[in-house]
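Asks: Sending over a structure as structure tokens; questions will come in a sec.
Every number here is computed from the coordinates shown, using simple stated rules; none is lab data. All of these numbers come straight from a predicted model, not from anything done at the bench.
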Amino acid sequence: MNLVQLKESLNKVYSVIPDFKCKHCHICCGPIIWYEPENYFIKDYAKKHNISLKKFEDKCPFLDYTGCTIYPVRPIVCRLQGLIKELPCKNNKKVYLSDRDLKKIKNDFNKILTLTNGYEHFYSSRNFFK
Ligand code: SF4
Ligand code: SF4
């Protein structure tokens, strides 16, 4: 899978995740994990936009006083925030994704990880700087 195909595949998975009216309060922007295929596009975006990572203990390294610095390429975990029980949002109590839709999203995302060895290369706020 080349980079164009990879980006298309990732965007296809992201595109079926419903958008809800996130208030961008950033309360949920704590430590996160993201995977190698996502990391490639995050790094590329950060480079193009001169974004430097922040060294927070308990917050996302992509958060600054302006908000999320990588919002267009934010990882899947952020896109699912507020839409599933495991990632609650105080401003969106309703769970929007059915188990069936979530399963499909997970399956499609996992297929990409399998193809790119993404499982073996994941990053987290807590260990990114170590
Ligand atoms: S998902 Fe919810 S908690 Fe997170 S930034 Fe949006 S409104 Fe705030
Ligand atoms: S990548 Fe953006 S949306 Fe996701 S936790 Fe970090 S600051 Fe919040």
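Asks: Multiply the residue gap between K93 and Q5 by 0.36 nm, knock off their C-alpha separation, and tell me the result in nm, one decimal place. Please report the intermediate quantities before stating the final value.
Replies: Details: separation 88, 0.36 × 88 = 31.68 nm, distance 3.52 nm.
Extra length from K93 to Q5 when fully extended: 28.2 nm.
Asks: What does the C-alpha gyration tensor say about the overall shape of the chain? Classify as rounded when a/c is under 1.5, otherwise prolate if a/b is larger than b/c, or oblate.
Replies: Oblate, because a/c is 1.5 or more while a/b does not exceed b/c.
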